[in-house]
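A.B. asks: After the structure tokens below, expect a handful of questions from me.
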Amino acid sequence: MEVLALVYRNLRARPVRSLLTLLGIVVATASMVLFMSFGEGLRKALGAELSSVGPALLVLPEGVEAFSAGYPELRPEVVERLEALAGELGVTKVIPSAVFVRGGFDPTSSFAFQGLPQGVSPKDLYPNLEGAEGVVTPGKGGAVVGGTIAERNKLGLGKTLRLSPEVSLEVVGVLERAGGIADSVIYVPIEAIHAVLGTKNYTSVLLSIRDDRRAEEVAAAIEARIPGVDAQTAGDVLRFAERAVRISDLVRFGISLVALLVGGLLVANTVMMSVYERIREFGLMRAIGARRRFIFGLVLLEALLLGLVGGLLGLLLGQVASFAVNWYTVREVGLALSSVTPRLAFFALLVALVLGLLAGVLPARTASRIPVVEALGRV
Amino acid sequence: MLEAIHLTKRFHQGEIDVVAVDRFSHRFQPGITAVVGPSGSGKTTLLNLLAGFDTPTEGEVRVQDGEKAVVLSKLDEGRRAELRLRLMGFVFQQWNLIPTLTALENVAFPMMLAGHRLKERQERAAALLAQVGLEKRVKHLPNRLSGGEQQRVAIARSLALDPPILFADEPTGNLDSASGERVMELITSQARKGRTVILVTHDLELARRADCVLRLRDGRLVDG
Ligand SMILES: Nc1ncnc2c1ncn2[C@@H]1O[C@H](COP(=O)(O)OP(=O)(O)OP(=O)(O)O)[C@@H](O)[C@H]1O
Ligand SMILES: [Mg+2]
């Protein structure tokens, strides 16, 4: 009890210095929490996204990853061969689609168009989508707009969308928000995309199958029978995405390491200064009968306390920052990009504690190694 | 029992060797033993050796720990600290108290090191503070206490674990005569209870109250 009182009162005895040090750790931890929360947010969004996708298989050109929207590379023959194999493999629906993204510098001026064949509705791809106004299936010359993008860019019924100087479409339907990437897409007839890009190729082909449990098997059969394509199941996509997110986790942690390092040095400096100021006090304790390891523990505890309190406050600040980021991204793209999960919170606290521990070791060693006579003699 | 045998401490000061304590032998008895001598005669160095703060160049220090006698100067730091905690109490000239702890917590500190329970520590510390007349200063921090009060807190603390040996290095050095008198009375009463008190001072007036006076000159014990 006296030990905690000692540690606490010693930090409180120099409030400005302690607070500044604390602030250093708070900022370091908060920035790490925010950085890492993007990875967790991505994981959550991906999971939700995939669980709302209808078709079980995604056929892509070989070497192209899911979620990338490059120039359409799948030739029409591939679709024909897939249709020919459908009966044999238990494929119930073959939906070729082409994607066209018109980028802008900020999210409000970029648009993603997904071209669908006649008679196919966005509901066939994302079963949880519902129409809000107009029709759900884009007929010839019409476009159906996702809920988020409709709201963001004020795309009501009857508005005209220009995909290129030659190709214009009229908004014939607006969807309800369902929470996901599907809300930010404009669904158009595939002919429109083909006209804009000057190709007859497809970006991907979505397949529904009779028995979803056989997805892996069907995927393998397709890859064996049709050269030049990858058939991916939701599990494949998730695995790939997880790998990518994990790599980006490392990168983001690397960046936050700089802030953490600075925070750690601040703690080390503060505790070291307080050690030099208290050499006489430590000498007195040792004279009375305290062992070296008591002094060591006392100083280490001071650094640990700074780490713990700084970590907790940093976690709080990171959570607030994460809310702020989400408030913006939900409004702009309909996605909560950042998520402070329990395991991230735990990790952040652990890092802050380890930081305190590392920062405390050197001052603690110094404090515990001063000979008693020398410490007592110091004025 | 505390005994010094041929105790010698040499310091190397550049080229010259300083013999701060020179072949000092003495068996300390219960009651007050005053160590006197001019400045630089080796009083503080001797106390450092007897208390195990420092190790002698030659000779040894023996203390009685219950049934067995141990050679303090041959033990490692941790063991010496542990023996100090149980067998010795200290009152220094100044800087006696931990500045961030209250009077009560300072007195309880050795008991905490010894692993006594919180309630027991608080009760005994309060009783000891009452014994030195400071029952109204229990919650005060050291910087809110006068020099005399601080010394009395230090005396209370030195008695916390009821040690047989008390070291006092110029305990009244910074005090006016009235507070000094109060402190000396407390120390004397502890000596009457059978504790071995080693009182380092250059105040010959104080030394006169001792049961035994050791005079040091150039680190050596001189007679008379
Ligand atoms: N760490 C040290 N290094 C070198 N010389 C030392 C050291 N400590 C003490 N001395 C020398 O040893 C001698 C005895 O010093 P000590 O402090 O024991 O004297 P003292 O009797 O306590 O003096 P005072 O009455 O002034 O406190 C002195 O000459 C001092 O200079
Ligand atoms: Mg001295």
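A.B. asks: Just to be sure before I move on: is A:V64 open to solvent by 40 Å² or more (accessible area, probe 1.4 Å), at pLDDT below 85, part of a loop (DSSP other than H, G, I, E, B) and under 15 Å from A:A231 (Cβ atoms) in the structure I sent?
C.D. replies: Numbers: open to solvent by 40 Å² or more (accessible area, probe 1.4 Å): no; at pLDDT below 85: yes; part of a loop (DSSP other than H, G, I, E, B): yes; under 15 Å from A:A231 (Cβ atoms): yes.
In short, no.
A.B. asks: Being within 16 Å of ligand 2 (Cβ to nearest atom) and open to solvent by 20 Å² or more (accessible area, probe 1.4 Å) is the filter; apply it to segment B:160-171 and report the residue that is modelled with the highest pLDDT. Before the answer, list the steps.
C.D. replies: Here is the first cut: in segment B:160-171, the residues within 16 Å of ligand 2 (Cβ to nearest atom) are B:167-171.
From what is left, the residues that are open to solvent by 20 Å² or more (accessible area, probe 1.4 Å) are B:169-170.
Values: B:D169: 89, B:E170: 86.
Result: B:D169.
A.B. asks: Does segment B:11-23 include one or more residues that are away from ligand 1 (no atom under 16 Å from the Cβ), more than 14 Å from chain A (Cβ to nearest Cβ) and either out of contact with any Ser or Thr (no Cβ under 8 Å at 6 or more places or on another chain) or more than 21 Å from B:P164 (Cβ to Cβ) (or both)?
C.D. replies: Filtering segment B:11-23 for residues away from ligand 1 (no atom under 16 Å from the Cβ) gives none.
Checked against the condition, which is being away from ligand 1 (no atom under 16 Å from the Cβ), more than 14 Å from chain A (Cβ to nearest Cβ) and either out of contact with any Ser or Thr (no Cβ under 8 Å at 6 or more places or on another chain) or more than 21 Å from B:P164 (Cβ to Cβ) (or both), segment B:11-23 yields no hits at all.
A.B. asks: Being open to solvent by 30 Å² or more (accessible area, probe 1.4 Å) and either within 29 Å of B:K9 (Cα to Cα) or within 16 Å of ligand 2 (Cβ to nearest atom) (or both) narrows it down to one residue among B:H202, B:H140; which is it?
C.D. replies: Working: B:H140 fails: either within 29 Å of B:K9 (Cα to Cα) or within 16 Å of ligand 2 (Cβ to nearest atom) (or both).
Testing whether each residue is open to solvent by 30 Å² or more (accessible area, probe 1.4 Å) and either within 29 Å of B:K9 (Cα to Cα) or within 16 Å of ligand 2 (Cβ to nearest atom) (or both) leaves just B:H202.
A.B. asks: Moving on to the next point. Looking only at segment B:61-72, filter to residues that are open to solvent by 40 Å² or more (accessible area, probe 1.4 Å) and within 18 Å of the chain's Cα centre (by Cα); which one of those is nearest to ligand 2 (Cβ to nearest atom)?
C.D. replies: B:R62
A.B. asks: Among the residues of segment A:288-299, count how many are in contact (Cβ under 8 Å) with a residue 24 or more places away in the chain, open to solvent by less than 10 Å² (accessible area, probe 1.4 Å) and within 12 Å of chain B (Cβ to nearest Cβ).
C.D. replies: Total satisfying the criteria: 2.
A.B. asks: Still on this structure, please answer the following. Within segment A:300-313, identify whether any single residue is within 14 Å of chain B (Cβ to nearest Cβ), open to solvent by less than 20 Å² (accessible area, probe 1.4 Å) and outside any loop (DSSP other than H, G, I, E, B), and answer yes or no.
C.D. replies: Looking through segment A:300-313, at least one residue is within 14 Å of chain B (Cβ to nearest Cβ), open to solvent by less than 20 Å² (accessible area, probe 1.4 Å) and outside any loop (DSSP other than H, G, I, E, B).
A.B. asks: For segment A:270-287, what are the residues that are open to solvent by 10 Å² or more (accessible area, probe 1.4 Å) and within 7 Å of chain B (Cβ to nearest Cβ)?
C.D. replies: Hits for segment A:270-287 are A:R280, A:E281.
A.B. asks: Still on this model: May I ask you to say which residue of A:K140, A:K123 is surrounded by 14 or more Cβ atoms within 10 Å (Cβ to Cβ), of a type in the set (D, E, K, R) and in contact with a strand residue (DSSP E or B) (Cβ under 9 Å, 6 or more places away or on another chain)?
C.D. replies: Matching residue, one of A:K140, A:K123: A:K123.
A.B. asks: Shifting gears a bit: Quick check on my filter: what residues within segment B:106-133 are farther than 24 Å from B:I165 by Cβ and either buried (at least 23 other Cβ atoms within 10 Å of the Cβ) or at the interface with chain A (Cβ under 8 Å from one of its Cβ atoms) (or both)? Please lay out each step first, then the result.
C.D. replies: Applying the first criterion (farther than 24 Å from B:I165 by Cβ) to segment B:106-133 yields B:117-119, B:122-123, B:126.
The one that is farther than 24 Å from B:I165 by Cβ and either buried (at least 23 other Cβ atoms within 10 Å of the Cβ) or at the interface with chain A (Cβ under 8 Å from one of its Cβ atoms) (or both): B:L118.
A.B. asks: From the list B:L87, B:L47, which one is within 16 Å of ligand 2 (Cβ to nearest atom), out of contact with any helix residue (DSSP H, G or I) (no Cβ under 8 Å at 6 or more places or on another chain) and within 14 Å of chain A (Cβ to nearest Cβ)?
C.D. replies: Working: B:L87 fails: within 16 Å of ligand 2 (Cβ to nearest atom).
The conditions single out B:L47.
A.B. asks: Turning to a different aspect of this structure: Just one of (1) away from ligand 2 (no atom under 16 Å from the Cβ); (2) exposed (fewer than 15 other Cβ atoms within 10 Å of the Cβ) trips up B:R157, so point out which.
C.D. replies: (2)
A.B. asks: Give segment B:73-89 a look and list any residue that's open to solvent by 10 Å² or more (accessible area, probe 1.4 Å) and closer than 18 Å to B:V197 by Cα, or say none. Write out each step before concluding.
C.D. replies: Taking segment B:73-89 and keeping what is open to solvent by 10 Å² or more (accessible area, probe 1.4 Å), we get B:73-80, B:82, B:85-87.
B:L85, B:R86, B:L87 - these are the residues of segment B:73-89 that are open to solvent by 10 Å² or more (accessible area, probe 1.4 Å) and closer than 18 Å to B:V197 by Cα.
A.B. asks: Now, a different point. Among residues belonging to segment B:172-197 that are within 16 Å of ligand 2 (Cβ to nearest atom) and more than 14 Å from chain A (Cβ to nearest Cβ), point out the one that is most open to solvent (accessible area, probe 1.4 Å).
C.D. replies: Filtering segment B:172-197 down to residues within 16 Å of ligand 2 (Cβ to nearest atom) leaves B:172-174.
Restricting the remaining residues to those that are more than 14 Å from chain A (Cβ to nearest Cβ) gives B:172-173.
On the way: B:T172: 24, B:G173: 45 Å².
Among those residues, the one meeting the criterion is B:G173.
A.B. asks: What helices (runs of 4 or more DSSP H) lie completely within segment B:103-194 and have 3 or more residues being of a type in the set (K, R)?
C.D. replies: Working: elements: B:103-113, B:118-131, B:147-158, B:177-192.
Because the criterion is at least 3 residues that are of a type in the set (K, R), the helices (runs of 4 or more DSSP H) in segment B:103-194 that meet it are B:118-131.
A.B. asks: Among the residues that make up segment B:43-60, is at least one of them more than 10 Å from ligand 1 (Cβ to nearest atom), outside any strand (DSSP E or B), touching a residue at least 60 places away in the same chain (Cβ under 8 Å) and buried (at least 20 other Cβ atoms within 10 Å of the Cβ)?
C.D. replies: To start, the set of residues in segment B:43-60 that are more than 10 Å from ligand 1 (Cβ to nearest atom) comprises B:50-53, B:55-60.
Adding the requirement that they be outside any strand (DSSP E or B) leaves B:50-53, B:55-57.
From what's left, touching a residue at least 60 places away in the same chain (Cβ under 8 Å): B:50-51.
If we keep only those that are buried (at least 20 other Cβ atoms within 10 Å of the Cβ) too, we end up with B:50-51.
Yes: one or more hits.
A.B. asks: Tell me, yes or no, whether segment A:359-367 has at least one residue that is away from ligand 2 (no atom under 16 Å from the Cβ), out of contact with any strand residue (DSSP E or B) (no Cβ under 6 Å at 6 or more places or on another chain), open to solvent by 10 Å² or more (accessible area, probe 1.4 Å) and on the phi > 0 side of the Ramachandran plot.
C.D. replies: no
A.B. asks: Quick check on segment B:23-42: of everything there that is among the polar types (S, T, N, Q) and open to solvent by 10 Å² or more (accessible area, probe 1.4 Å), which residue is nearest to ligand 2 (Cβ to nearest atom)? Working first, answer last.
C.D. replies: First, the residues of segment B:23-42 that are among the polar types (S, T, N, Q): B:25, B:29, B:33, B:39, B:41.
This time we only want the ones that are open to solvent by 10 Å² or more (accessible area, probe 1.4 Å), so: B:25, B:29, B:39.
Working: B:S25: 21, B:Q29: 23, B:S39: 7 Å.
Taking the candidates together, the pick is B:S39.
A.B. asks: Hey, another quick one. Which residues, taken from segment A:221-249, are within 15 Å of A:E88 (Cβ to Cβ), assigned to a helix (DSSP H, G or I) and open to solvent by less than 60 Å² (accessible area, probe 1.4 Å)?
C.D. replies: Those that are within 15 Å of A:E88 (Cβ to Cβ), assigned to a helix (DSSP H, G or I) and open to solvent by less than 60 Å² (accessible area, probe 1.4 Å): A:A221, A:I222.
A.B. asks: A:G103 fails exactly one of the following numbered conditions: (1) open to solvent by 50 Å² or more (accessible area, probe 1.4 Å); (2) touching a strand residue (DSSP E or B) at 6+ places or on another chain (Cβ under 7 Å). What is the number of that condition?
C.D. replies: (2)
A.B. asks: Is there a residue being within 14 Å of chain B (Cβ to nearest Cβ), more than 26 Å from the chain's Cα centre (by Cα) and in a helix (DSSP H, G or I) anywhere in segment A:179-194?
C.D. replies: Step one: of segment A:179-194, the residues within 14 Å of chain B (Cβ to nearest Cβ) are none.
No, because not a single residue in segment A:179-194 is within 14 Å of chain B (Cβ to nearest Cβ), more than 26 Å from the chain's Cα centre (by Cα) and in a helix (DSSP H, G or I).
A.B. asks: Which residues, taken from segment B:36-68, are of a type in the set (V, I, T) and closer than 20 Å to A:L284 by Cα? Full working, then the answer.
C.D. replies: In the first step, residues of segment B:36-68 are kept if they are of a type in the set (V, I, T); the result is B:36, B:44-45, B:55, B:57, B:61, B:63.
The answer is B:T44, B:T45, B:T55.
A.B. asks: Still on this structure, I have one more. Among the listed residues B:G52, B:G89, which satisfies the condition of being under 30 Å from B:H140 (Cα atoms) and touching a Ser or Thr at 6+ places or on another chain (Cβ under 9 Å)? Break it down into steps so the answer makes sense when it comes.
C.D. replies: Values: B:G52 fails: under 30 Å from B:H140 (Cα atoms).
Sole residue among the options that is under 30 Å from B:H140 (Cα atoms) and touching a Ser or Thr at 6+ places or on another chain (Cβ under 9 Å): B:G89.
A.B. asks: Listed residues B:A160, B:A168; which is of a type in the set (A, V, I, L, M), in contact (Cβ under 8 Å) with a residue 24 or more places away in the chain and within 16 Å of ligand 1 (Cβ to nearest atom)?
C.D. replies: Details: B:A160 fails: within 16 Å of ligand 1 (Cβ to nearest atom).
Every option except B:A168 fails the conditions.
A.B. asks: Here is a follow-up. B:G66 - would you say it is near ligand 1 (Cβ under 9 Å from one of its atoms) and away from chain A (no Cβ under 14 Å)? Break it down stepwise before answering.
C.D. replies: On the way: near ligand 1 (Cβ under 9 Å from one of its atoms): no; away from chain A (no Cβ under 14 Å): yes.
Taking the combined requirement at face value, the residue does not satisfy it.
The values are calculated or read from the model by the stated rules, or taken from the named source; none is laboratory data. The model shown is predicted, which means the values in this text are computed figures rather than measured ones. Note: ideal-geometry Cβ built from the backbone for every residue, glycine included; neighbour counts use all protein chains shown. The area values use the complete protein model at the heavy-atom level, side chains included, leaving out ligands, DNA and RNA. Shrake-Rupley method; radii C 1.70, N 1.55, O 1.52, S 1.80 Å.
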